[in-house]
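A short write-up of the structure that comes next.
The values are calculated or read from the model by the stated rules, or taken from the named source; none is laboratory data. The model shown is predicted, which means the values in this text are computed figures rather than measured ones. Quick reminder, even Gly has a Cβ in these numbers, built from the backbone with ideal geometry, and neighbours come from all protein chains shown.
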C-alpha cells in the first residue's frame, strides 16, 4: 500500500486529511512539524507528500528544499496545501520542485484527483532548488492567475522560449519580467523591445545592431537588442505586428542563436526569448500574415493571460494594491466602491484599473473612496457594451450584464442581499450564488 505523508501543524486538518487518504486506499503517515516530516521521510520513503506552508519550526518551502536535497526524497512528489497562497510562494514552490500548489480547504474529489496524479509510475525528475525571492509582483488568486504563476515557476530556470498572449493591458510584460527575475538568468540583463512601435526599416538595426558606416546616419556601431540582452532575456512585445520579411530573420536568430548586424558578420548570442502579442497568431497564420514556422518556434511554452473581466476575484486585491501605491496618506475602498469595481467590465484590463486608482488617489479628498468617486466608470461601462468588448460571445455578454446589474442592486440596497434580490426579482439564494461567482459583496458581513 502506498504511503502518503501528511505534514500540518493543525491537528484537525491533519486528522481530516488522514481519514480521507485512508478512505481513498492509501496508508497515511502524519507529521506535526517540518522536522518530524523529514525524520519520517528519511526512514519511510512516502509515495507522496501533502505539505502545509506555514509551520512554526520550519516552513513548507524549507521542508521541500530539504526533501529535494535528500537522496531518498529527491523524486517524491510534494504538493503544497496552504490557506495563504500568494504569487511569490506559488512561483517559488513550483520552482523548488512542488508537484502542485493548492489552497485550503481541499475537497475529497480534488484530493483523490491530486493523489491519482501524484502517485503513478514513471514520474519525471523534479527541478532543482533555487533561492527564494520575496517580491510578489503578480497579484491575483483567481484560478487563471494561479495557473500562470505555476507555469512561471516551472519554466523560469529553463531557456525555453515563452509566448505570452492576452488582451492589451493584461500584464504581459509583468509576466515576462517575472520569468526573468526569478529564473536562472535573473542576474543578467532584461531587454524589452516593442516591435509595433519601431518602423520596419529601423527594426532590423534595433534587433541585430549595425556596424559603423553601414548606412547613412550610422556614425557609431550599435550592438542591438539581441547582443545587449546576452546572458539574460530578450522580451519581444507585440511580435505579431512584425512584417513577414523581419519574421524570417527573427526565425533564424531564434533557431540558431546567431545574429547578423547590418553591414557586419554573423555573431553568436546567448539569450532567452520571451515574446508577447495581443493578436490571435493561429488565425494570422491561416491568413498568411504570420509565418507558421515562427509561430511554432515561439509557442514552445504558451502562457495565456485572461482579461480582467474573466478573473473577478483579482480585481479588489489589485485595486487595493494600486491605491496603496498611489495615495499618501493611504486611502481605502468602501464596500460600495468595491462592488462598483467588481461590477465593471474593465476593457483596458489591469492597466485601466491602475490608471483608475491613480485618478481616485488624486481626485478623492476623503480617506474612504465612495462609489460616487468611481462614477467615471459608469460611462465607460456603457461604452464597453456598445463597443462589444465581449468579442461577440453571448455568454460573456450575459455574464457582464448580470454582474453589472447585481453590483448595482447591491450598491442601491447598501449591501442588503435580501433587498437586492427583491429588486432583481430573483430568489435570495440565487443572488447569493451569483454574488459569490462574480466576487461581489464579499467584504460584507452576512445579512
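Before moving on, here are some points about what is shown:
- Residues located in region 306-333, provided they are assigned to a loop (DSSP other than H, G, I, E, B) and in contact with a helix residue (DSSP H, G or I) (Cβ under 7 Å, 6 or more places away or on another chain): 306, 307, 311, 327, 330, 331
- Residue match in region 198-216 (condition: in a strand (DSSP E or B), surrounded by fewer than 16 Cβ atoms within 10 Å (Cβ to Cβ) and either in contact (Cβ under 8 Å) with a residue 24 or more places away in the chain or not assigned by TED's automatic domain parsing to the domain that holds residue 281 (or both)): no
- Check on residue 59, at pLDDT 90 or above and more than 22 Å from residue 110 (Cβ to Cβ): yes
- Among residues of region 334-366, those that are part of a helix (DSSP H, G or I) and either touching a strand residue (DSSP E or B) at 6+ places or on another chain (Cβ under 7 Å) or free of Cβ contacts under 8 Å to residues at least 60 places away in the same chain (or both), counted: 13
- Within region 271-284, at least one residue is within 22 Å of residue 192 (Cα to Cα), modelled with pLDDT of 90 or more, touching a strand residue (DSSP E or B) at 6+ places or on another chain (Cβ under 6 Å) and part of a loop (DSSP other than H, G, I, E, B).
Residue by residue, here is whether (1) under 25 Å from the mean Cα position of the chain (by Cα); (2) closer than 24 Å to residue 201 by Cβ; (3) touching a residue at least 24 places away in the same chain (Cβ under 8 Å); (4) in the same structural domain as residue 207 (by TED's automatic domain parsing) holds:
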site: 222; (1), (2), (3), (4): no, yes, yes, yes
site: 234; (1), (2), (3), (4): yes, yes, yes, yes
site: 265; (1), (2), (3), (4): no, yes, no, yes
site: 274; (1), (2), (3), (4): yes, no, yes, yes
site: 278; (1), (2), (3), (4): yes, yes, yes, yes
site: 283; (1), (2), (3), (4): yes, no, no, yes
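- So residue 382, is it crowded, with 16+ Cβ neighbours inside 10 Å, farther than 30 Å from residue 329 by Cα and either within 29 Å of the chain's Cα centre (by Cα) or modelled with pLDDT of 50 or more (or both): no
- All conditions but one from (1) assigned by TED's automatic domain parsing to the domain that holds residue 326; (2) modelled with pLDDT under 80; (3) surrounded by 11 or more Cβ atoms within 10 Å (Cβ to Cβ) apply to residue 424; the one that does not is (2).
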